[in-house]
Amino acid sequence: MEDYIDLSPWFDEPELKAGISLRNMTGSNGEIRSKLTRELQLPENGMCSAIQTHSNKIEFVKKRLQGQKLDGFISGNKNMVLTIKVADCIPIFLFENKIGLSGLIHSGWRGTVGEITINAVRVIIQNGGDPAHIHAMLGPSICKNHFEVKNDIVAQFPSKYVDSNGDESYRVDLKEMVRAQLISMGVNAGNIYDCELCTYCREDLFFSYRRDKGLKGRMIAMMGWAEKD
């Protein structure tokens, strides 16, 4: 049984690799990162990871970066390997194919409200990229049917992404919010792909913070350029 999902083929760039671990990939976060780099044939000495705080902070990385408080990376350095942890939040894989920028974003509900995806596209633009050349993959994350909020936070979401359950709880479509944010920044709708895997529904494949009542299991998402022989 596979213990990770290889998302690389969608980007149609042979050397660009993207993937996410499954819950049956065992070990510490560091061990899982090392295993994924081997499976995806990525350079382990360029690993970038963060202390994720559900912020909207993005960093443009030119060299290895670890331990900073942020929730997304953009890079044009093919020696960098971008990694984040998720367990219901949306892992967003970005590739600007005109000048070759890659990005990996951790977008939970706070990051989505804070428009972290918009910030990521701005960083791409600031570094010479073109939104019309961005391809975005929305990885495994919680679906609308299982992302429920109460009255205390529902007002933070635009009403068009919210449905009432009729019992003072509401369902919110986070992926549709992210999709709209990307389009608002000039990303073509046809270049946005939702893998349509729900972390809550697929207990056989994924950890889910909400389903598992806050238990600490996480998947590792990773993106980078394969090492050349």
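The values are calculated or read from the model by the stated rules, or taken from the named source; none is laboratory data. A quick note: this is a predicted structure, and the numbers were derived from the prediction, not measured. Counting neighbours? That spans all protein chains shown, and the Cβs are built from the backbone with ideal geometry, glycine included. Remember, those area values only see protein heavy atoms, side chains included, never the ligands or the DNA or RNA. Shrake-Rupley method; radii C 1.70, N 1.55, O 1.52, S 1.80 Å.
Data table
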| read-out | value |
| --- | --- |
| Stokes-Einstein diffusion coefficient of segment 1-88, Kirkwood radius over Cα pairs, 20 °C, 1.002 mPa s, in µm²/s | 156 |
| Extension gain from GLN41 to SER169, taking 0.36 nm per residue of separation minus the Cα-Cα distance | 41.6 nm |
| Equivalent ellipsoid dimensions for segment 162-229 as semi-axes, Å, which come from the Cα gyration tensor, largest first | 28, 23, 9 |
| Surface share of carbon and sulfur [accessible, 1.4 angstrom probe, percent] for segment 81-143 | 45 |
| Debye equation applied to the C-alpha atoms of the chain, log10 I(q)/I(0) at 0.13, 0.17 Å⁻¹ | -0.71, -1.23 |
| Long-range tail of P(r) for segment 26-75 (Cα pairs > 13 Å, %) | 61 |
| For peptides 146-152, 32-38, sequence by mean Cβ density within 10 Å, most packed first | 32-38, 146-152 |
| Cβ-Cβ FRET estimate between LYS228 and LYS57, R0 fixed at 41 Å, reported to 0.05 | 0.80 |
| Within segment 1-126, percent of DSSP bridges classed antiparallel, to nearest 5 | 65 |
| Stretchable slack from GLU196 to LYS160, in nm (0.36 nm times residue separation minus alpha-carbon distance) | 10.9 nm |
| Additional length obtainable on full extension of the chain from ALA132 to LEU215, 0.36 nm per residue less Cα span | 25.9 nm |
| Sum of -39500 (n - 2.57) over DSSP H runs of 4+, divided by residues of the chain (222 nm, nearest 500) | -5000 deg cm²/dmol |
| Coil-residue GluC sites (Glu not before Pro) of segment 45-121, DSSP, other Cβ within 10 Å capped at 10 | none |
| Any cysteine of the chain lacking a neighbouring Cys Cβ under 4.7 Å - listed by number | CYS48, CYS89, CYS195 |
| Mean projected area (nm²) of the alpha-carbon convex hull when segment 102-229 is viewed from all directions | 10.0 |
